[in-house]
Amino acid sequence: MNTKRILIIDDEETIQTVVQFGIKMAAGWKVFTASSGFEGIQTAQTEKPDVILLDVMMPDMDGIATFKELQSHSETEQIPVILLTAKAQTAEKRQFNDLGVSGVITKPFNSLDLPEQISRILHW
Amino acid sequence: MKKFQHQRRTYNKHLIQNLFKNAHDAIALIDDHLYFVDMNIAACDLLGLSRKQLKGQALANFITAEFTRQPNSLSFPPAQSLMGELLVSSSAQNQREMEYTLIPNVLPCCHLLLLRDISHRRESMQAELRQQQQRVELFSEVTLKIRQSLQLKEILHTTVTEVQRILQADRVLIYQVLPDGTGKTISEAVLPDYPTLMDLEFPEEVFPQEYQHLYAHGRVRATVDVHDPAAGLADCLVEFVDQFQIKAKLIVPIVQNLNAQSQNHLWGLLIAHQCDSVRHWVDFELELMQQLADQISIALSQAQLLERLEEVVADRTAELQEEINVRMQAEAALRQSEEQLRLITNALPVLIAYVDDQQQYRFNNQAYQDWLGQSPKEIYGSHLHQVWGEDCYQRMQVYVKTALSGQAVNYENDILLKDGSWRAVDVTYIPDVDDQNTVKGFFALSSDISDCKAIERMKDEFISVISHELRTPLTSLHSALKILATGRLGSLSTEGQQMLGIADDSTERLVRLVNNVLDLQRIESGKVIMECQACNAANLMIQAAEAMQAMAQQHEITLVKQPQDISVWADADYILQALTNLLSNAIKFSSPGGTVWLTVEQEQGSQNLPRELVFRVRDEGQGIPADQLERIFEKFQQVDSSDSRKKGGTGLGLTICRKIIEQHNGRIWAESTPGCGSTFAFTLPTLECVNISWRGIYEYEADFNY
């Protein structure tokens with residue numbers, strides 16, 4: 001497994017931290033963090049991560065809007081996006097899949113398991 | 001012989017002279033030129049001149065011109081007499097009607113003229129004629145008067161008054177014979193000089209039964225003089241009539257022939273009294289009385305008919321009045337019940353209405369006024385479209401049609417109130433179907449569910465809060481604990497490790513609990529709609545078993561599955577959730593080394609319904625007491641609450657399973673023999689069932705197209 005570059009966009013700093021720790025600890029991947037959709041898009045444009053973990057519920061610009069924004073830019077449209085959501089319902093998962101995201105990981109999750117889940121979703 | 005002849009001649013001469021002299025009729029001898037030759041005393045009296053004066057006078061001076069043309073003595077055949085009538089004028093210009101006989105040539109050139117005065121006879125004849133005519137006139141006048149009235153009393157009064165007038169009798173009365181044999185005067189016309197008999201009741205002996213029979217058979221009694229023994233009146237009766245000054249009387253019966261079969265019945269008597277003198281009753285008077293008695297009889301029948309008719313009318317009127325009363329009472333009752341209905345419906349803060357099959361309001365309560373500002377009176381007869389406006393009507397139209405097709409329907413709508421606020425309403429239409437299955441309209445009930453909606457929104461918001469606000473820190477907590485547990489951030493003491501383990505377990509339990517609460521909430525609120533499609537039962541079972549394999553291994557449980565390729569109509573994700581839930585329970589409550597079976601069977605549905613699939617999860621655990629078999633499906637119910645903590649359950653798993661299965665129109669239950677394990681089973685419809693119910697729907701719709 002090559003060293004992957006992961007961008008986590010979540011307004012919740014504790015989540016940023018546990019995801020960063022967990023991924024680093026479990027897989028040794030590099031994790032970038034962003035606290036808002038706006039910041040996340042900028043980071044994505046500059047850092048070009050291998051995958052973006054995107055929180056759905058965020059103030060101002062939520063995950064869906066952020067995803068759409070990412071899709072509208074040529075620099076970021078190719079980056080796979082995995083949604084992190086507390087909305088665990090089947091119907092909602094289907095709805096998110098319909099958007100064109102690569103996958104959905106529901107909260108609560110164990111950040112140590114994230115690299116494995118991401119690899120499975122993206123077939124790494 | 002000669003002597004005898006002479007004697008005879010003398011006798012004849014003497015006889016003739018006597019006859020001539022004393023004859024009552026006028027006798028005259030006239031010559032060929034109709035001049036008087038001689039005449040008798042009667043002729044002198046008739047013509048008003050002496051014999052001397054008359055002799056030689058021309059007959060023409062005394063008789064009408066017509067006669068002069070009549071007899072011509074010369075032309076008379078010998079001994080043929082001529083008869084006829086003529087008018088004779090005396091010198092006193094007194095004209096008389098005479099019957100004459102002219103006997104020609106009783107002596108040579110001498111004719112005998114006999115004149116008999118018939119003017120008196122004529123007069124009496126004419127008087128008779130006049131009387132008869134008068135009688136007819138009177139009679140028709142009286143009968144007309146009688147006929148003009150239908151009131152018996154008036155008829156009788158008219159009769160006695162008229163008879164009294166015509167007969168010039170002193171008293172005329174109608175005596176009614178009563179059934180007990182007594183009788184009384186019921187109508188009377190009497191001159192003021194004489195006592196009245198009106199309303200006087202007579203005992204039976206005055207008019208005994210045998211007399212009544214005679215009268216009933218048409219007896220008529222005309223008594224000229226009550227005191228005349230020839231009249232045959234008993235002394236006591238004479239005495240009796242004397243007190244009323246009756247001198248002569250005329251009695252005719254009033255007989256009724258009630259019907260063709262019955263005998264004549266003597267109803268009463270029509271009686272005329274003469275009080276000032278005896279009286280010879282003439283035929284005309286008798287006839288008049290009899291005819292009037294007949295008229296009275298007819299009038300009686302008519303009056304009785306009328307009375308009966310009046311009775312019938314009165315009865316019918318009473319009946320009608322009764323009917324009217326009943327109807328009025330019914331109407332009053334109806335009004336009252338309607339008022340009561342209004343009172344009740346007006347007091348309720350919901351819209352209540354009845355709409356007919358033309359979509360027009362036939363009833364609506366006060367709430368319409370309060371909510372929409374339209375009074376029930378204004379709305380009555382209005383079309384739904386008028387009351388609700390275009391947009392709202394568009395939203396309700398489909399449901400209105402459903403209701404008018406005979407199906408009850410319930411839906412939610414948003415309506416604009418008169419104060420400009422929008423309200424969410426829950427609307428129910430219940431069709432009004434008559435005996436012939438014709439939909440006459442529907443009952444409409446709309447209640448304000450804005451508050452419920454607000455609460456629902458709050459609940460949604462709360463769920464959203466739990467989802468996000470609670471899960472986010474949980475995620476951090478969970479991950480942080482897991483990271484700590486790796487030991488790569490530093491080693492913990494044994495106690496530290498133990499505490500970390502407890503924190504980790506508790507966090508996991510909390511995560512499950514939150515997940516379950518959310519799941520249940522979602523399903524219960526009806527927000528979750530099962531997206532059913534044809535699924536393979538075998539696939540579902542394999543997936544569920546795979547998902548639980550790790551847990552089974554951990555608990556040292558053998559998981560045995562017997563999948564079958566049967567199509568089932570279900571939402572695969574939710575059925576998987578139910579299956580894994582049941583498997584997880586079975587594993588948790590089995591002892592290490594035990595076995596858990598997952599099977600499926602196709603079984604006949606209950607009540608001859610189509611076949612359905614039955615999934616079963618069987619374990620060899622401790623089992624469930626019979627009284628707990630149903631309770632375990634309730635929220636937070638576990639057989640042994642200490643188990644819950646030990647086994648890490650939330651107490652919501654089975655409740656969620658039941659909700660999921662019920663949403664699939666299936667059933668879920670538990671069977672157990674304590675000590676020998678438990679079996680959890682649930683049914684799901686097969687494709688066959690679904691097809692049948694769909695076909696049913698199509699057929700139903702097809703029916704409506706006709």
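Among the residues of the stretch B:267-290, those that are under 16 Å from B:Ile166 (Cβ atoms) and within 56 Å of the chain's Cα centre (by Cα) comprise B:Leu270, B:Ile271, B:Ala272, B:Glu287, B:Leu288, B:Met289, B:Gln290. For the structure I just gave you, tell me whether B:Ala234 is touching a Phe, Trp or Tyr at 6+ places or on another chain (Cβ under 6 Å) and open to solvent by 30 Å² or more (accessible area, probe 1.4 Å). Answer is no for this residue. Residue check: A:Gln42 meets all listed conditions (1) in contact (Cβ under 8 Å) with a residue 12 or more places away in the chain; (2) away from chain B (no Cβ under 14 Å); (3) part of a helix (DSSP H, G or I) but one, namely (1).
Counting the residues of the stretch B:153-177 that are open to solvent by 50 Å² or more (accessible area, probe 1.4 Å) and within 46 Å of the chain's Cα centre (by Cα) gives 3.
Taken over the stretch B:505-546, the residue count meeting the criterion of being among the small types (Gly, Ala, Ser) and outside any helix (DSSP H, G or I) is 3. If only residues of the stretch B:565-598 that are within 14 Å of another protein chain (Cβ to nearest Cβ) and under 14 Å from B:Gln663 (Cβ atoms) are counted, the one that is surrounded by the fewest Cβ atoms within 10 Å (Cβ to Cβ) is B:Asp573.
For the stretch B:262-284, a tally of residues being open to solvent by 20 Å² or more (accessible area, probe 1.4 Å), touching a residue at least 24 places away in the same chain (Cβ under 8 Å) and over 21 Å from B:Gly183 (Cα atoms) returns 7. Checking the structure you have, find out if any residue of the stretch B:524-536 is within 12 Å of chain A (Cβ to nearest Cβ), within 18 Å of B:Gly653 (Cβ to Cβ) and among the hydroxyl-bearing types (Ser, Thr, Tyr). No, because not a single residue in the stretch B:524-536 is within 12 Å of chain A (Cβ to nearest Cβ), within 18 Å of B:Gly653 (Cβ to Cβ) and among the hydroxyl-bearing types (Ser, Thr, Tyr).
Checking each residue in the stretch A:98-124 for being within 14 Å of another protein chain (Cβ to nearest Cβ), under 12 Å from the mean Cα position of the chain (by Cα) and of a type in the set (A, V, I, L, M) picks out A:Val104, A:Ile105, A:Leu114. Just to verify a result, which residue in the stretch B:326-372, among those that are within 16 Å of B:Phe442 (Cβ to Cβ) and in contact with a Ser or Thr (Cβ under 7 Å, 6 or more places away or on another chain), is most open to solvent (accessible area, probe 1.4 Å)? Here the answer is B:Gln360.
The values are calculated or read from the model by the stated rules, or taken from the named source; none is laboratory data. What you are looking at is a predicted structure, and each value in this text was computed from that prediction instead of being measured. Using ideal geometry, Cβ is built from the backbone for each residue, glycine included, and neighbour counts are taken over all protein chains shown. Keep in mind that these areas ignore ligands, DNA and RNA; they rest on the heavy atoms of the full protein, side chains included. Shrake-Rupley method; radii C 1.70, N 1.55, O 1.52, S 1.80 Å.
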